[in-house]
Amino acid sequence: MTQDSPRTIWSLTGKDALSFLQGLVTNDLRPLEAGPGIVWAALLTPQGKYLADFFVVRRTGGALLVDIATPLAADTLRRLTLYRLRADVQIAPTDLTLTRGLDAMPDGAHPDPRHPGLGWRLYSDAPLAVPAVDWDAIRVANLIPESGIELVPDDTYILEAGFERLHGVDFRKGCYVGQEVTARMKHKTDLRKGLVRVVIEGAAPVGSEITGADGKPAGTLFTQSGGFAIAHLRHDRAQGILQASQARLWVD
């Protein structure tokens, strides 16, 4: 899955739509009560592990959208339906398309809330013609994880993946699924593992195990671009020359 992979865009309607999501996801959606905007958030397991990330969008005119990577959509919809209970929320597919770009932001578009380098996102009936962008190069340069690559369902912890730096979690919003574990990781422990940008010589498949000079496992290699890569590393084993398949790497 890459940054320009297929996206599924749902509409959420019903008087409880925003409050329903507010009680489930990692970020604070209340700014969307005031008008158009976009928020990036994740849905976690009760044990605090990542299940899916998505954008919640308030369009001009009041419509609420959820923009999610298509491979994660079916499982996420099942979970949202399970949590819905008696809430007045309807979730329906749309025919909207997503256009992303780095040039002048068109009317109705929203700046990507994760990082300025990711440009803007536009939801419309038909895609706009825009210049091609190497999104993987931008992600590697700015250490931005992607659904289904660095963000692995039932495995990733969002603080290790940089969600705080990328504005994907709010520690003042109140309860959500997985909040207790996430808050404990934030306030009571030092993160021993996390995403790191590394210099890489050679190439290796995404998901390759990284080992240290002593042969002990040190982490996992992910997206690679332009001589750099994103790796998930144990910080205590991230020194010196590391190995992933036939590639050599070291912390940038």
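Values quoted throughout were computed directly from the atomic coordinates according to the rules given, and no laboratory measurement underlies them. Here the structure is a predicted model, which is why all the values come from computation and not from measurement. Ideal geometry is used to build each Cβ from the backbone, glycine not excepted, and the neighbour counts take in all protein chains shown.
Per residue of segment 7-19, what does 6.51 cos²θ - 1.76 cosθ + 1.60 with θ = phi - 60° give for ³J(HN,Hα)? Whole Hz please, x for Gly and Pro, Karplus curve as stated.
Listing the rounded values in order: 10, 10, 10, 9, 9, 10, 10, x, 5, 9, 4, 6, 5 Hz.
With a sphere of radius 10 Å drawn around the Cβ of Tyr157, what net charge do the other residues whose Cβ falls strictly inside it have (Lys, Arg +1; Asp, Glu -1)? Don't skip to the answer; put the middle values down first.
Numbers: positive: Lys49, Lys193; negative: Asp155, Glu160.
Net charge in that neighbourhood comes out at 0.
For the chain, what number results from the quotient of the Cα radius of gyration and 2.2 N^0.38 Å? It would help to have the intermediate numbers written out before the result.
Numbers: Rg = 18.8 Å, N = 252, 2.2 N^0.38 = 18.0 Å.
So the Cα radius of gyration is 1.04 times the expected 2.2 N^0.38 Å.
Quote the convex hull volume per residue of segment 1-117, based on C-alpha atoms, as a whole number of Å³. Kindly include the intermediate steps, with their values, before the conclusion.
On the way: hull volume 13.8 nm³, N = 117.
Looking at segment 1-117, the number lands at 118 Å³ per residue.
Would you please name the chymotrypsin sites (Phe, Trp or Tyr not before Pro) within segment 144-252 that are DSSP coil residues with at most 16 other C-beta atoms within 10 Å of their C-beta? Don't skip to the end; give the middle numbers.
On the way: sites: Tyr157, Phe163, Phe171, Tyr176, Phe222, Phe228, Trp250; in loops: Phe163, Phe171, Tyr176.
Hits after loop and neighbour filter: Phe171.
Convert each backbone phi in segment 215-221 into a coupling constant with the Karplus relation 6.51 cos²θ - 1.76 cosθ + 1.60 (shift: θ = phi - 60°), then list the ³J(HN,Hα) values in order as whole Hz, x for Gly and Pro.
These are the phi-based 3J(HN,Hα) values: x, 7, x, 10, x, 9, 8 Hz.
Can you tell me the dipole magnitude for the chain around its Cα centre, using point charges on the Cβ only (Lys, Arg +1; Asp, Glu -1), in Debye to the nearest 20?
Values: 27 positive and 29 negative charges, 150 e Å.
Roughly 720 debye for the chain.
Along the positive direction of the dipole of segment 1-191 (beta-carbon charges: Lys, Arg +1; Asp, Glu -1; about the Cα centre), which of Leu98, Phe171, Pro127 reaches farthest?
Checking the options against the dipole of segment 1-191, the answer is Phe171.
If we sort 233-245, 123-135 on the protection proxy, mean other Cβ atoms within 10 Å, highest first, what's the order?
Per-residue mean Cβ counts within 10 Å order the peptides as 233-245, 123-135.
With θ taken as phi - 60° and the coefficients 6.51, -1.76 and 1.60, list the Karplus ³J(HN,Hα) couplings across segment 39-53 in order, rounded to whole Hz; mark glycine and proline as x.
9, 9, 8, 10, 9, 10, 6, x, 8, x, 8, 4, 10, 6, 10
Find the Rg to Rh ratio for segment 143-252, where Rh is the Kirkwood radius over alpha-carbon pairs and Rg uses the same atoms.
Values: Rg = 14.7 Å, Rh = 14.6 Å.
With Rg and the Kirkwood Rh in hand, the quotient comes to 1.01.
Which of the lysines could be linked to Lys216 by a straight reach, that is with a Cα gap under 16 Å, when you skip same-chain ones fewer than 8 residues away?
The qualifying lysines are Lys193.
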